[in-house]
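Chemist: Sending over a structure as C-alpha cells; questions will come in a sec.
The values are calculated or read from the model by the stated rules, or taken from the named source; none is laboratory data. Remember, it's a predicted structure, so these values are computed and weren't measured experimentally. We place every Cβ from the backbone using ideal geometry, glycine too, and count neighbours over all the protein chains shown. The area values use the complete protein model at the heavy-atom level, side chains included, leaving out ligands, DNA and RNA. Shrake-Rupley method; radii C 1.70, N 1.55, O 1.52, S 1.80 Å.
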Amino acid sequence: MEPGGERKAMTMVEALNAALDHGMRERDNTIILGEDVGREGGVFRVTDGMYEKYGADRMLDTPLCELGIIGSAI
C-alpha cells in the first residue's frame, strides 16, 4: 500500500492472508510450507483460498516439524 492510499480495517488473519497473497503474486519462486496450509487453508484459515490460486507446487503441506521446515528453507 502506498502512503496515503486506501485503508481498510482487517482482522489479523485477513492481513496475514493479504500479505502472503501479495508475496506469492509478486514472486513466482515463493512457496509456503506448513501443516495444513494447502487445501485446508491452515488451522486459522490464514492461507485460505491460496491453494486454488497458486497450486500444489507452491502450497506445500508438511508434517509438524519446525526444524525440518527451517532446514528445507535454508
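Chemist: So, with +1 on the Cβ of K and R and -1 on the Cβ of D and E, and no other charges, what is the size of the charge dipole of the chain about its Cα centre, to the nearest 20 debye?
Modeler: 140 debye
Chemist: Given R₀ = 22 Å, what would the calculated FRET efficiency be for Phe44 paired with Arg7, taking r from the Cβ atoms and rounding to 0.05?
Modeler: 0.40
Chemist: Additional query: May I ask you to give the percent of accessible area on the range 6-59 that is carbon plus sulfur, with a probe radius of 1.4 Å?
Modeler: Carbon and sulfur: 52 percent of the exposed surface of the range 6-59.
Chemist: A further question on this structure: Step through the residues of the range 35-47 one at a time and calculate ³J(HN,Hα) from phi using the Karplus curve (6.51 cos²θ - 1.76 cosθ + 1.60, θ = phi - 60°), rounding each to whole Hz and writing x for Gly and Pro.
Modeler: 6, 6, 7, x, 4, 6, x, x, 4, 9, 6, 5, 9
Chemist: Also, I was wondering about something else. Give me P(r) over the chain, computed from all C-alpha to C-alpha distances, binned every 5 Å, as integer percentages.
Modeler: Answer for the chain: a P(r) of 3, 16, 23, 24, 17, 9, 5, 3, 0 percent.
Chemist: Run the numbers for Asp21 and Leu60: contour at 0.36 nm per residue of separation, minus the present Cα-Cα distance, in nm.
Modeler: Net length gain for the segment: 12.6 nm.
Chemist: Using +1 at the C-beta of Lys and Arg and -1 at the C-beta of Asp and Glu, which of Cys65, Leu33, Gly23 has the Cα lying farthest in the positive direction of the dipole of the chain?
Modeler: Of the listed residues, the answer is Gly23.
Chemist: Quick one: accessible area per residue over the chain, 1.4 Å probe, rounded to a whole number of Å²?
Modeler: 77 Å²
Chemist: Counting only other residues whose beta carbon sits under 12 Å from that of Phe44, what net charge do I get with K and R as +1, D and E as -1?
Modeler: Within the 12 Å Cβ shell, the charges total -4.
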